[in-house]
Amino acid sequence: MKGLLVILALLLTLIQPANAQTAPPRPDRDPVLVPQVSQPEVRVRQGFTGTELLLFGAVLDPRGQRGSDYDIVVVLKGPTEAIRIREKEQIGGIWINAESTDFRSAPSFFAVASSRPLDQIVDERTAAIFELGLDYLQLSPSGLIDPEAQAKFTEGLVDLRRRQGLFKEDMDGVTIKERVLYQARIQLPSNVTTGLYTAETFAVSGGQVIASAVADVEVKKVGFERFVEVNAQTRGFWYGLIAVMLSIAMGWIAGRLFAMV
């Protein structure tokens, strides 16, 4: 009997530390981002000249500390698309298409806003992982391509879309108030592609991304533009036929009017 009691006592001493190890973990001490967008839905109508998005939110610290040092980076990315980039070459005074490359997933729109210059916030490795900046876009070229040629075509694509207002960086575009509230303004031009846009916000401290959150923005056509887009996609043959007939009719009418003058 005494031997049985001793064995039970030993088992209890072994069970207690095991129970202590399986206790609930301590609450998460990382900050929590609560992002919001001023226009979750952007409607593109006839005469659309662009719009400004206000991306704002709060950084909530579970420990209740207001004085924590955070930097904020906001990345607004449009739908990805396959694209072919061609290089122009002058031969005999004539510009012709030369080399080309294909990218499988180039963003139709890409904008970055940060509270400070990115090279003061994160290192190159972190920037590459999270695509923080135009220099770190992951465009996924298709096929085998020389690294130098890939860099050349990537720079060409970025430069082209910069001039179109579709790629942009603002290294002082995020304001932070009382270490809690932040806001950034990003301009959408009139030539934006419709689809689902993602606004991803990153909280950075000590060169590390310590929290992130995503808010969605839908850009869609409405009214007559939407009607034309839907019919072009779902009734391609009839849409093309009607477009040709309208072109012929307009040409005939224009010819008759000029003949009467």
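The values are calculated or read from the model by the stated rules, or taken from the named source; none is laboratory data. This is a predicted model, so every value here is computed, not measured. Cβ: placed from backbone, ideal geometry, glycine included. Neighbour counts: every protein chain shown. Only protein heavy atoms, including side chains, enter the accessible area calculation; ligands, DNA and RNA are left aside. Shrake-Rupley method; radii C 1.70, N 1.55, O 1.52, S 1.80 Å.
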When you look at residue 187, is it touching an Asp or Glu at 6+ places or on another chain (Cβ under 7 Å) and either assigned to a strand (DSSP E or B) or over 14 Å from residue 106 (Cα atoms) (or both), yes or no? yes
Residues that are touching a helix residue (DSSP H, G or I) at 6+ places or on another chain (Cβ under 7 Å) and over 15 Å from residue 76 (Cβ atoms), drawn from the stretch 185-207: 207
From the list 119, 102, which residue is part of a strand (DSSP E or B) and either loosely packed, with under 11 Cβ neighbours inside 10 Å or among the charged types (D, E, K, R) (or both)? 102
Which listed residue is open to solvent by 20 Å² or more (accessible area, probe 1.4 Å), assigned to a strand (DSSP E or B) and in the same structural domain as residue 183 (by the TED database), from 76, 54: 54
Does the stretch 164-181 contain at least one residue that is part of a strand (DSSP E or B), surrounded by 19 or more Cβ atoms within 10 Å (Cβ to Cβ), within 14 Å of the chain's Cα centre (by Cα) and at pLDDT 95 or above? yes
What do you reckon, is residue 150 within 20 Å of the chain's Cα centre (by Cα) and either outside any loop (DSSP other than H, G, I, E, B) or of a type in the set (S, T, N, Q) (or both)? no
Given the criterion out of contact with any Pro (no Cβ under 6 Å at 6 or more places or on another chain), at pLDDT 95 or above and assigned by the TED database to the domain that holds residue 56, identify the matching residue among 122, 158, 112. 112
Going through (1) out of contact with any Asp or Glu (no Cβ under 6 Å at 6 or more places or on another chain); (2) open to solvent by 50 Å² or more (accessible area, probe 1.4 Å) one by one, residue 203 fails only at (2)
